[in-house]
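The block underneath contains the structure these notes are about, expressed in structure tokens.
Laboratory data are not the source of any read-out in this text; all were calculated from the coordinates shown. Just so we're clear, the structure is a prediction, and the values are computed from it rather than from any experiment. Using ideal geometry, Cβ is built from the backbone for each residue, glycine included, and neighbour counts are taken over all protein chains shown.
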Amino acid sequence: MKKIRLVSPWDWYACWRRLIGRMALVLIGWSVIGVEGSTYGQQVLAAVLMAEARGEGEMGMRAVAEVVRRRADVNGTSPLGVLRPGAFTSLNGTSHKALIRKHRNHPLFGKALEIARITYNDPERLGNRTRGATHFTHKEERPYWAEGHRPVAVIGNHAFYRLPG
């Protein structure tokens, strides 16, 4: 190990600031595995996947990611462009940043972030378990938009629908 010789008070100050900065990053959760190399959009998507489907595990989160990606492709935007209140119940009454803060320290957040990266960078790897679904809900619910439609897939506790337009 290389010894560092601190000569001036400024050397001490710089060393102290660096140490405090690293400690702060750990305390606020940005040192969670993989978060450093992710984009804001990927982090938001990971938080939405956690909020919507963490109880369904990886398969359920991938299915929700398929719906997000499909909506983004249909609308000609990024996944972040479709993640808004009203479109996903987990975003009702909260902000993207608050949702990230809520979920980033959960043990499954790393897996959700991995799925989010695939959704952004290599969506073909998501597969098509939802058979082109554009919407989903809990399988026991029948929201107004599902009237007259049958689920195209049921994965865990979620029913997936492909709606026209």
Subject >> Filter result (buried (at least 20 other Cβ atoms within 10 Å of the Cβ), closer than 10 Å to Ala63 by Cα and aliphatic (A, V, I, L, M)) within segment 116-133 >> reply: Ala133
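Condition check ((1) without any contact (Cβ under 8 Å) to a residue 60 or more places away in the chain; (2) within 16 Å of Val48 (Cβ to Cβ)) across all residues:
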| residue | (1), (2) |
| --- | --- |
| Arg71 | no, yes |
| Lys97 | yes, yes |
| Arg131 | yes, no |
| Phe136 | no, yes |
| Tyr161 | yes, no |
Original post:
Out of curiosity, is Gly57 on the phi > 0 side of the Ramachandran plot and more than 10 Å from the chain's Cα centre (by Cα)?
Top reply: yes
